[in-house]
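What follows is calculated from the coordinates using simple rules that are stated; it is not laboratory data. Owing to the predicted nature of the structure, the values given are computational and were not obtained by experimental measurement. So basically every Cβ, Gly included, is an ideal-geometry build from the backbone, and we count neighbours across all protein chains shown.
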Amino acid sequence: MSGIRKVGILGSGIMGSGLAEVAARAGFDVVVRSRSKAAAEAMVATIDKGFAKAIERGKATEDERAAVLGRIQATDHLGTLADCDLVIESVLEDLAVKKALFAELEQIVKPEGILATNTSTLPVVEMAMVTERPDKVVGIHFFNPAPMMKLVEVVRPITASDETVDAALQFATACGKDAVEVKDRAGFIVNALLFPYLNNAVRMWEVGTASMESIDTAMKGGCNFPMGPFALLDLVGLDTSLAILDALHAEFGDPNYLAVPTLRRMVAAGRLGRKTKRGFYSY
Ligand SMILES: NC(=O)c1ccc[n+]([C@@H]2O[C@H](COP(=O)([O-])OP(=O)(O)OC[C@H]3O[C@@H](n4cnc5c(N)ncnc54)[C@H](O)[C@@H]3O)[C@@H](O)[C@H]2O)c1
């Protein structure tokens, strides 16, 4: 067994909150850390609200709600993560921000603790190399929304030990997910294949081939996808999507990864999708 019992989650955005819920539901003790206590507490309140709705629909019980929320501690203090067996960061998709965070975690988290990133595309090895335990750094990439999506990509940088990768695979499985192992290459499996499609959908709309509603309807009805590309971009977040495309393009130079101008302009305008209530669609 991997010996993981206590899990730290960093970042209180879309993914941080989903990760906290998944880990607490799986029975792990969870510490969620955000830069502000209010944001960390808001995240726990969001999970609580989700439970209230699930209870109304008969999909959860009050006992489950109490047990899961009882396992989650909210904090704004990094030091609270010291005795975590596993810490997963899920902050902004920006390599400089993530590297600075890993350097801080190195000082705080007990030496045998595993440090993981939920990055969608960035090189895990670069985060590993700012620590003194590169063998204990791994990618654990959940999908959005984390409580619903079955897949986790476990990303193996060339520095990781087999024990660390095995522990990450066991953790993902214990969370009820289907875990796949993948090398540390931009976009891993899913985003490397998905993002040329999303980018080309925006390009198709830019040149006026069809409306975004028509493209979404076409891809749902024609390919049996649960949502069309514009709805999916809004769900992922346009800033995160742009960061993913930029990282893919920097690594592979493939023109399909070159973000279309509209996407960049929308991010500049703060239209980031569902999280800002306006992206390709309004919410
Ligand atoms: N959105 C998705 O569909 C998705 C899916 C899988 C993985 N991810 C990855 O998860 C991570 C978080 O994405 P998200 O969608 O939750 O983003 P988000 O925008 O919802 O949240 C980002 C979080 O980072 C924090 N943050 C911003 N700047 C920071 C800084 N300088 N230092 C520390 N924290 C900072 C914010 O306060 C917020 O809590 C990213 O690495 C992203 O690639 C996202």
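Of Thr61, Thr117, Thr164, which is the most mobile in a GNM of the chain whose springs link Cα atoms less than 10 angstrom apart?
Thr61
With 10 Å bins from zero, work out the P(r) of the chain over every alpha carbon pair and list the percent per bin.
Going out from 0 Å in 10 Å bins, the chain shows 7, 28, 35, 23, 7, 0 percent.
Simple spin-label model, 7 Å along Cα-to-Cβ: Asp63 to Ala82 in nm?
With each label point 7 Å from Cα toward Cβ, the separation is 3.6 nm.
How much of the DSSP bridge set in the chain is antiparallel, in percent, rounded to the nearest 5?
On the way: 6 of 32 bridges.
Around 20 percent of the beta bridges assigned by DSSP in the chain are antiparallel ones.
List the chymotrypsin sites (Phe, Trp or Tyr not before Pro) within the stretch 126-181 that fall in a DSSP loop (any state other than H, G, I, E or B) and whose Cβ has at most 16 other Cβ atoms within 10 Å. Present the calculation step by step, with values, prior to reporting the outcome.
Working: sites: Phe142, Phe143, Phe171; in loops: Phe143.
Qualifying residues, ordered by number: none.
For Lys183 and Ala268 in one chain, what is 0.36 nm times their gap in residues minus the Cα-Cα distance, to one decimal in nm? Display every interim value, and only then the final one.
On the way: separation 85, 0.36 × 85 = 30.60 nm, distance 3.21 nm.
Result for the pair: 27.4 nm of gain on full extension.
Based on the alpha-carbon set only, what is the convex hull volume of the stretch 184-279 divided per residue, in Å³? Write down the numbers at each step before the final one.
Values: hull volume 9.4 nm³, N = 96.
Residue-normalised Cα hull volume stands at 98 Å³.
Excluding Phe171 itself, what net charge comes from residues whose Cβ is under 10 Å from its Cβ, given Lys and Arg +1 and Asp and Glu -1?
Numbers: positive: Lys177; negative: Asp85, Asp166.
Net of charged neighbours comes to -1.
Only helical DSSP H runs with n ≥ 4 go in: add -39500 (n - 2.57) per run for the chain, normalise by residue count and round the 222 nm mean residue ellipticity to 500 deg cm²/dmol. Show your work: numbers first, answer last.
Working: 11 runs with 133 residues, N = 283.
Taking each H run of at least 4 residues, the total per residue is -14500 deg cm²/dmol.
Once you have the Cα-Cα distance between Glu132 and Met149, take 0.36 nm times their residue separation minus that, and quote the gain in nm to one decimal. Walk me through the intermediate numbers first.
Values: separation 17, 0.36 × 17 = 6.12 nm, distance 3.29 nm.
Computed gain between Glu132 and Met149 is 2.8 nm.
Relative contact order of the chain, please, whole-number percent, based on alpha carbon pairs below 8 angstrom and at least 6 residues apart.
Working: 522 pairs, mean separation 40.4, N = 283.
Result for the chain is 14 percent.
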